[in-house]
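What follows is one structure encoded as structure tokens, with my remarks underneath.
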Amino acid sequence: MNHSIDIAHFDRLLQGNAGPGTVLLDARDAEDSQQWHPEGPGIPTFANVSYSEFVEDENGALSRVPEADSIYVICARGRSSQYVTGVLRQRGRNAINVDGGMLAWAAHHRIVRLNGSEDAFAIYQVVRPAKGCLSYVVASDGEALVVDATRYGDAYREFAVRNGLRIGATADTHLHADHLSGSSALSQDAGAGYHLADEDAQGSALSRDPMPKQFEIGSAKIRVLTLPVPGHTLGSTALLVNDRYLISGDTLLPEGVGRPDLGNKAREWTQFLYESLSGVLGRLDPQTTVLPAHAASAAQFDARGACERTLGTLLAGAAIADRDAFVESVEQRVSRSSQPAAYAEIRKVNLGAPVSAERAEELEVGMNKCALSSATA
Ligand SMILES: [Fe+2]
């Protein structure tokens, strides 16, 4: 019998389908485990007992595994966890190996349709749960616009093929600093244009088109307006889809506003951010659905596995009524935050600098830190 599950099944368990007596056991070393491990409401109990502990002192290791109805075992690539699963099962524990380990988890994407089938267009959220990256496919009449694609192009290509879509264009809402963008490569592959605002493309070696005022998709039963919202970056752009959905990039996030300190000009950019939030986004219908570029935790997803918020609620939370209070609060949080060291290198790669597959993996370790609130630890 095969005592293992694939990564999509594991994602569903994390989303809330596992029983209360379920444990996730990380068989990697403590340092790797602390840095980054899967999380979700479906498996509330987490334990870290490494493969080497099982090899060196099996009884000692076993005594550190919590009692549970089911124990899902994960490691870097799924091999050490297979060994640990075998040991646990020999000792009568109900252990199940997570196939492919963290490597598969980092590459896993789930795709959720956000709007009803009565609409003449479809909008999908592409969730990469391991990093909390959210990207989007907006489709109409057999053509798709892909926004903020991750570097795992197959996720989008396979989805397009399955749904009879041609990728007509890709865009990045801004120059990402926390994860590697796949938008340019996806465009090249599809023979489509890649769009990034000029302000964020300084020094870019990529073949790129400027951000248009509006995207035309398919028979244009859909209107995708681009709204410049500088602050998180100077070229940050939000996309307003049919006046109902706002793909907000990192300008507005479930837990707050995007950090304005990435360019080391926090004072100046905080003012831009204020104008973008109160002026540009504040003029939109408060009922507009905000679709951010990141989620900070599994708890921010709904029962469908999607993450969306209402514009009015997020703007109320951003406390933009008083400009001085907003600026002061942002500056306080900025002063307590630092940028992860990898961000400078990630930005260079996202502008076209070459990177090896191994280095790309290293650069992407860990959850994103694009929101101001999550940068304050
Ligand atoms: Fe960002």
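Table: residues versus (1) within 16 Å of Val229 (Cβ to Cβ); (2) modelled with pLDDT under 95; (3) in contact with a Leu (Cβ under 9 Å, 6 or more places away or on another chain); (4) not charged (D, E, K, R).
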{"residue": "Thr251", "(1), (2), (3), (4)": "yes, no, yes, yes"}
{"residue": "Gly256", "(1), (2), (3), (4)": "yes, yes, yes, yes"}
{"residue": "Thr310", "(1), (2), (3), (4)": "no, no, no, yes"}
{"residue": "Ile320", "(1), (2), (3), (4)": "yes, yes, yes, yes"}
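Residue check: Arg110 meets all listed conditions (1) of a type in the set (D, E, K, R); (2) away from the ligand (no atom under 16 Å from the Cβ); (3) more than 25 Å from Glu39 (Cβ to Cβ) but one, namely (3). Scanning the stretch 231-251 for residues that are buried (at least 24 other Cβ atoms within 10 Å of the Cβ), within 12 Å of the ligand (Cβ to nearest atom) and not polar (S, T, N, Q) turns up Gly231, His232, Gly249, Asp250.
Look through the stretch 138-177, keep the residues that are outside any loop (DSSP other than H, G, I, E, B) and within 16 Å of the ligand (Cβ to nearest atom), and return whichever of them is farthest from His108 (Cα to Cα). If we take residues in the stretch 138-177 being outside any loop (DSSP other than H, G, I, E, B) and within 16 Å of the ligand (Cβ to nearest atom), then Ala171 is farthest from His108 (Cα to Cα). Out of everything in the stretch 149-178 that is touching a His at 6+ places or on another chain (Cβ under 7 Å) and farther than 24 Å from Leu262 by Cα, what residue ends up being surrounded by the fewest Cβ atoms within 10 Å (Cβ to Cβ)? So, considering only residues that are touching a His at 6+ places or on another chain (Cβ under 7 Å) and farther than 24 Å from Leu262 by Cα, the one surrounded by the fewest Cβ atoms within 10 Å (Cβ to Cβ) is Tyr152.
Please verify whether Leu134 is touching a residue at least 60 places away in the same chain (Cβ under 8 Å), within 16 Å of the ligand (Cβ to nearest atom), in a loop (DSSP other than H, G, I, E, B) and not assigned by TED's automatic domain parsing to the domain that holds His9, treating the condition exactly as stated. No, not satisfied. If you filter the stretch 180-239 down to residues that are closer than 17 Å to Thr170 by Cβ and among the β-branched types (Val, Ile, Thr), you find that the one that is modelled with the lowest pLDDT is Ile222.
Evaluated against (1) under 19 Å from Val137 (Cβ atoms); (2) touching a residue at least 60 places away in the same chain (Cβ under 8 Å); (3) crowded, with 21+ Cβ neighbours inside 10 Å, Met211 falls short on exactly one condition, (2). Of note, Gly218 does not satisfy the criterion of being on the phi > 0 side of the Ramachandran plot, touching a strand residue (DSSP E or B) at 6+ places or on another chain (Cβ under 8 Å) and within 15 Å of the ligand (Cβ to nearest atom). Against the list (1) modelled with pLDDT of 95 or more; (2) of a type outside the set (Lys, Arg); (3) in contact with a helix residue (DSSP H, G or I) (Cβ under 8 Å, 6 or more places away or on another chain); (4) not assigned by TED's automatic domain parsing to the domain that holds Gly21, the condition Val127 fails is (3).
Give the residues of the stretch 111-150 that are more than 18 Å from Asp250 (Cα to Cα) and of a type in the set (Lys, Arg), sorted by residue number. Within the stretch 111-150, Arg113 is the sole residue that qualifies. Scan the stretch 187-196 and give yes if some residue there is surrounded by fewer than 23 Cβ atoms within 10 Å (Cβ to Cβ), of a type in the set (A, V, I, L, M) and not in a strand (DSSP E or B), otherwise no. Yes, there is a match, as at least one residue in the stretch 187-196 is surrounded by fewer than 23 Cβ atoms within 10 Å (Cβ to Cβ), of a type in the set (A, V, I, L, M) and not in a strand (DSSP E or B). The condition (being surrounded by 20 or more Cβ atoms within 10 Å (Cβ to Cβ), within 16 Å of the ligand (Cβ to nearest atom) and more than 16 Å from Arg347 (Cα to Cα)) is satisfied by just one residue among Pro260, Pro254, Pro228: Pro254. The residue of the stretch 103-147 that is farthest from Gly164 (Cα to Cα), among those that are among the hydroxyl-bearing types (Ser, Thr, Tyr) and buried (at least 23 other Cβ atoms within 10 Å of the Cβ), is Ser135. Put simply, of Glu362, Glu345 the only residue that is within 21 Å of the chain's Cα centre (by Cα) and surrounded by 14 or more Cβ atoms within 10 Å (Cβ to Cβ) is Glu345. Of all positions in the stretch 215-234, at least one carries a residue that is in contact with a Leu (Cβ under 8 Å, 6 or more places away or on another chain) and within 23 Å of Leu363 (Cβ to Cβ).
The values are calculated or read from the model by the stated rules, or taken from the named source; none is laboratory data. Quick caveat: nothing in here was measured; it's all calculated off a predicted structure. Cβ coordinates were reconstructed from backbone atoms using ideal geometry, including for glycine residues, and neighbour counts include every protein chain displayed.
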